[in-house]
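One structure below.
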Amino acid sequence: MKPEAPAIHKVIPAGMATLLTTLSVAPPVQAENFEHTQRLLSTRKCPRCELSNAGLVFANLSNAELSQANLAGANLSRANLQGADLRGANLAGASLYGANLVGARLDGANLTAVDLRGAYLMGASLMQTVMNGALLQGAVGLSPSTGSAEEFYQWALQDERRQNFPGAIDNFTQALARKPDFAQAYLGRGVVFLQIGENAAGLADVQQAERLFTAQGNQEGMKITQELVKQLTAPPPAPPKGNGIGIALLGLIGTALQFLPLSIF
């Protein structure tokens, strides 16, 4: 009787064993459905399609039918979506940076954390659209019901710190369109105007901020704006140097900017 052959054991290195275990239990990552992407590009008709993470930069999708399509995480930067039907679509986390959405129908769409910076939204329909965490800086054609005054105010402050003064003015203006009695936004826009030498516009905004701070009983805001108005309406006799801002006024602008971030509610 032949002796039983010894069992052969394969030794797998510890690192490889861990890798194999991880691969065996890790859930598959949802990939772009290339068939649906091709259908969209060739026909512009792809309702309910699976287009998550699709690369559609600069795609011409004018009047495309994309109702209830899944476009989560898709890159639609600079895409032409003019007149597109995106009702009920999932665009969570998608990039629509600089996209043309003029006249697009986005009713009921999920735009959570979507990037709409610099997008064109004139005439777009956004009824019952979810836009939590959406980036809206520089978007053109937003209705006053889109986004909050506080969000635009914070973006304006960030732009001011980066010395992006046109962006700061635009975001303060957007904040005021949503909250006309937002005294801090008037003060913020006023000091930005002063920094770029638009003293008349700056004075008008600071005076409006003073009126609102007074009506709201904000003592610190009243004090800052009254000092600014005093400096702007009764400047020192010596001509200012540099950018046209006197030393006293420059100090008050710095004080105002320190005050603003503490005033958001």
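The values are calculated or read from the model by the stated rules, or taken from the named source; none is laboratory data. Source: prediction; values computed, not measured. As a convention, Cβ positions derive from the backbone with ideal geometry for all residues, glycine included, and neighbour counts pool all protein chains shown. To get the accessible areas, we keep the full protein, side chains included, count just its heavy atoms, and leave off ligands, DNA and RNA. Shrake-Rupley method; radii C 1.70, N 1.55, O 1.52, S 1.80 Å.
Once you have a ≥ b ≥ c as the square roots of the Cα gyration tensor eigenvalues for the range 116-241, tell me rounded if a/c is under 1.5, and otherwise prolate or oblate according to whether a/b is larger than b/c.
prolate
Give the carbon-plus-sulfur fraction of the accessible surface of the range 41-102 in %, rounded to a whole number; probe 1.4 Å, heavy atoms of protein chains only.
43
Report in % the part of the accessible area of the range 109-209 that belongs to carbon and sulfur, leaving out ligands and nucleic acids; probe 1.4 Å.
The C+S portion of the solvent-accessible surface of the range 109-209 is 51 percent.
Please work out whether the range 75-138 counts as rounded, prolate or oblate from its C-alpha gyration tensor, where a ≥ b ≥ c are the square roots of the eigenvalues and a/c under 1.5 means rounded, while otherwise a/b larger than b/c means prolate and anything else oblate?
Note, shape of the range 75-138 comes out rounded.
In debye to the nearest 20, how big a dipole does the range 48-178 give about its Cα centre with +1 on each Lys and Arg Cβ and -1 on each Asp and Glu Cβ?
Here the size comes out at about 100 debye.
Ordered by residue, what ³J(HN,Hα) values in Hz, to whole numbers, does the range 63-79 give under the Karplus form 6.51 cos²θ - 1.76 cosθ + 1.60, where θ = phi - 60° and Gly and Pro are x?
Each residue of the range 63-79 in turn: 6, 5, 9, 10, 4, 6, 6, 9, 10, 4, x, 6, 9, 10, 4, 6, 6 Hz.
With a sphere of radius 14 Å drawn around the Cβ of LEU111, what net charge do the other residues whose Cβ falls strictly inside it have (Lys, Arg +1; Asp, Glu -1)?
Taking every Cβ under 14 Å from that of LEU111, the sum is 0.
Residues of the range 80-149: accessible area per residue at 1.4 Å, in Å²?
39
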